[in-house]
Amino acid sequence: MENCNPQVPGPPMLAAGEGVFSGDRFALSSPSHKESIAMSYENILYEVSDGVGVLTVNRPDVLNALNPETLSEIGHVVDAVRREESVRVLVITGAGEKAFVAGADISRFPELDPLQARRFAQLGQDVFASIENLPIPVIACVNGFALGGGCELALACDFIYASEKAQFGQPEINLGIMPGFGGTQRLTRLVGRARAKDLCMTGEQIGAQEAREWGMVARVMDADSLWDRTMEIASALAGKGAVALRATKQTIDRGTEADLRTGCTLELDAFSTCFASRDAKEGARAFLEKRKPSFSGSFTE
Ligand code: COA
């Protein structure tokens, strides 16, 4: 795999002890191209191979807890992915055997006043919304604890593949706070009010199988095969028609926010748009000629 860290814009480096909760540190900065080449990530890894981008939250010593710097780095990669057409699928995972992400970095909490807490949550919400709004499929590969902000990060992805050892939960209540990165909203839309309140109010964790039964997890896999199987599916997705993938994602996301009639109208529009793509012609021709289709993601021949 090619390591793309030097190629994608990185965040401004923070000097040790610099006030990360002050001022506009929470805004996603836009370094110039020249600056970005010289930057590298401290808290994540990002690699691309054959159209599949892999973003790994890489703070295993603290179970990949999300501090503002890590969130900003994730945001920069997502912005780069949005611009880079060759990336067809994004997989998000956590480093180490134990955790996907064990939540926001609690070590920073004692210093937060309400305004700083709001900025932190706004950063998390902005970054997770940017993941959700990517036009390509985003898979959360959950290899362990997905708690608090980790559960919220996974829920911002299109679907979750989880190891049988994965644990999900919103334990913020045990710290005297509540979810702030969209958890009360995305979780409720996915599993309903009663189950969302159960998780957010008791702070208890549920296992991967239960999370699948609740509709949070798409597939549960053996821990040993989770990564290979996820990458196999990601590669297959990277070979599908990009126009159709984008249209499907947008129609499901926008349609579930609308009434059924509006949703079906969105589907009509998206379905007919697919027929303007080269891929739609190629898909039908390949089927009739009994060969594998070669999709380009293009609207033109
Ligand atoms: N923020 C900061 N540090 C965290 C963290 C978090 N969200 N989650 C884990 N860590 C750190 C621990 O402090 C510990 O650091 P240390 O080795 O310097 O003591 C290290 O990661 C390993 O965690 P540990 O608690 O020893 O592992 P465990 O297997 O006993 O427990 C968890 C695992 C996930 C159950 C436990 O770490 C936990 O409850 N984490 C917090 C989850 C949470 O509340 N998330 C929501 C935050 S808003």
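The values are calculated or read from the model by the stated rules, or taken from the named source; none is laboratory data. In this text, all values refer to a predicted model and were calculated from it rather than measured experimentally. Cβ atoms come from the backbone with ideal geometry, glycine included; neighbour counts cover every protein chain shown.
What to note about this one:
- Test: residue in the stretch 186-204 that is modelled with pLDDT of 95 or more, in contact with a Gly (Cβ under 6 Å, 6 or more places away or on another chain) and of a type outside the set (A, V, I, L, M, F, W, C): no
- Qualifying residue in the stretch 28-41 (condition: modelled with pLDDT of 50 or more and either closer than 28 Å to MET231 by Cβ or not β-branched (Val, Ile, Thr) (or both)): yes
- Taking the stretch 250-281 as the range and being assigned to a helix (DSSP H, G or I) and either in contact (Cβ under 8 Å) with a residue 24 or more places away in the chain or under 23 Å from the mean Cα position of the chain (by Cα) (or both) as the test, the residues that pass are GLN250, THR251, ILE252, ASP253, ARG254, GLY255, THR256, PHE271, THR273, CYS274, ASP279, ALA280.
- When the stretch 204-249 is limited to residues that are hydroxyl-bearing (Ser, Thr, Tyr) and assigned to a helix (DSSP H, G or I), the one that is farthest from LEU55 (Cα to Cα) turns out to be THR248.
- The condition of being over 15 Å from GLY144 (Cα atoms), touching a Cys at 6+ places or on another chain (Cβ under 9 Å) and not small (Gly, Ala, Ser) holds for only one of VAL91, VAL81, VAL101, that being VAL91.
- Breaking point among (1) touching a residue at least 60 places away in the same chain (Cβ under 8 Å); (2) away from the ligand (no atom under 13 Å from the Cβ); (3) farther than 17 Å from GLN185 by Cα; (4) surrounded by 22 or more Cβ atoms within 10 Å (Cβ to Cβ), for ARG119: (4)
- For the stretch 158-202, the tally of residues that are over 24 Å from ALA117 (Cα atoms) and either within 11 Å of the ligand (Cβ to nearest atom) or in contact with a Pro (Cβ under 9 Å, 6 or more places away or on another chain) (or both) stands at 3.
- When the test is whether a residue is among the aromatic types (Phe, Trp, Tyr), under 20 Å from ILE160 (Cβ atoms) and within 16 Å of the ligand (Cβ to nearest atom), PHE100 passes it.
- Yes/no for ILE139 being among the β-branched types (Val, Ile, Thr), within 12 Å of the ligand (Cβ to nearest atom), within 22 Å of ILE206 (Cβ to Cβ) and at pLDDT 95 or above: no
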